[in-house]
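Below is one structure, written out as structure tokens; comments come after it.
Since every read-out is calculated from the coordinates, none of them should be taken as a lab result. Here the structure is a predicted model, which means the values were calculated and not measured. No Cβ is skipped: glycine too gets one built from the backbone with ideal geometry, and neighbour counts run over all protein chains shown.
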Amino acid sequence: MPSALYQPLATLVGDEEDQDDQEQLHYYYQHPQLSAGEKLPPPTLGTRRSRSIAGNRRRVWLLLLVPCCIVFFYFMFSPQSLGLGNNNTNWDAVDDYLPHNGIDSTNTHALNESLMICSESHEDRRLFMQDKPRSAYAQLPVIYFVTPTYPRREQIPELTRLAHTLLHVPRLHWLVANDRDRCDKFLDNMLNKFGIPFTYLASPMPSKFRNTKPAPRGVANRRAALQWLHQRNLTAGVLYFGDDDNTYDLRLFSEIRQTQRVSMFPVGLIAEYAVSGPVVRNGKVVAFLDSWVAGRRWPVDMAGFAVNLAYMSQYPNVNMPFKPGYEEDLFLRSIGLRIDQIEPKGNNCTEILVWHTQTKNKKSPTVRIDSALLNDRFNLGALFHSLKVMGVASASDTEGPRAVISKNGKGKPLSYFLS
Ligand code: UDP
Ligand code: MN
């Protein structure tokens, strides 16, 4: 996601080190005459009167503080607010469920999506991939490649380009989730023709989010794919969220296929630094580089990680809330990830194996063409019919800019073609 577009919410209060720093800062703001490192002298107490005023004040503060603390701890650690309905509290995971940035506990509910499966094929009709027969790959774990997509004039070209990348990738199941409330015959035919095992889902964005800015793009789609995996009880293989407009290096697939829990790697062309990804020291992920932190514990792009399904299946509350900008963070929180568990890929995160390329999104035009040119004496009727089906452009007798049809560098009138 182009995370830099979103306004950061209040920063997450970090670890103890950060808190210490905050307290120190507060201390020096109150005592500006002190330079850093200098200690404040012990407070000298004045008259008995001022001492008793101070004592009264302390009692009032204590009286106010104690109930506040009780209420605070109740809400922070009650099973409901942690999203844990039972008593088998996994305390390792609790920290991952603490609300932050005003995000409420609805994040921790398990998914319960209704699924609309348009079509699917589990048959791999590809004979060769990367110069080897399909049988050479039979033992590899399957990659579940989840692609959110939506109807616009660039949809078919994007999916064509992506399919031609995926055609080279063995043992892959392509989950194409379309942001539309119905199935689309054209897309179904197209996906079938590639011969890649696939599932085509219709997963519209809930209407209440349609006009919000920013809208949660691709979230309903990914949630539907998660539901599909869950319903099939798939506990082997690797999950990857790959948008329809990114650019994928074929080496990415060999790398993520080895994921044991969660692997991570840099994504090129993200936001201000044109890159987002883990910082690695001695083969371990120690921090993250991303220009938009905004309190995210996992400030990574959707295409910057992969998850092993055996690992994910241990977390029944796996989720991806409709929270623009925070989808990756909240998804990774919902599967209890710890930084020391992350497997860096791409030669210890030194290589870019996936690019956040973006295609210009333009409105589909209506072109004015005389209907006499759209019958089957010419190609134009069939051509515009197929452009319309793909959502690219349409022809009209009465609307839109008039199409210029030329020969030898000169526009010709209709009569020229009809004579
Ligand atoms: N997407 C969608 N519905 C929308 C907008 C986007 O399903 O209304 C999909 C889109 O096809 C892509 C993903 O969500 O796979 C992310 O969207 P986009 O590429 O526009 O966002 P960006 O990569 O710029 O964050
Ligand atoms: Mn994109």
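So here's what we get for this one:
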item	result
Cα-based shape type of segment 260-347, given that a ≥ b ≥ c are square roots of the gyration tensor eigenvalues and the cut on a/c is 1.5	oblate
Sorted peptide list for 371-383, 345-357, criterion being average Cβ within 10 angstrom, highest first	345-357, 371-383
15 Å beta-carbon shell around K412, net charge (K/R +1, D/E -1)	+2
Efficiency of FRET between K185 and L62 - r from beta-carbon atoms, R0 56 angstrom, step 0.05	0.20
Net charge, Q155 excluded, C-beta distance under 13 Å - Lys, Arg +1, Asp, Glu -1	-2
Residue (of S386, Q341, N282) at the positive-pole extreme of segment 263-395, dipole from beta-carbon charges	S386
Label point at N375 placed 7 Å out along Cα→Cβ; residues across segment 392-419 whose backbone nitrogen lies under 13 Å	418-419
For segment 159-233 and segment 336-353, distance of Cα centres in Å	26
Restraint check, K213/K388; K284/K360; K362/K410, Cα-Cα greater than 31 Å	K284/K360
Hits among lysines - C-alpha to C-alpha of K412 under 21 Å, sequence gap 8 or more where chains match	none
Between segment 255-314 and segment 370-415, the alpha-carbon center distance in angstrom	48
Local electrostatic count at T359 - Lys and Arg +1, Asp and Glu -1, tallied over other residues with Cβ under 15 Å	+2
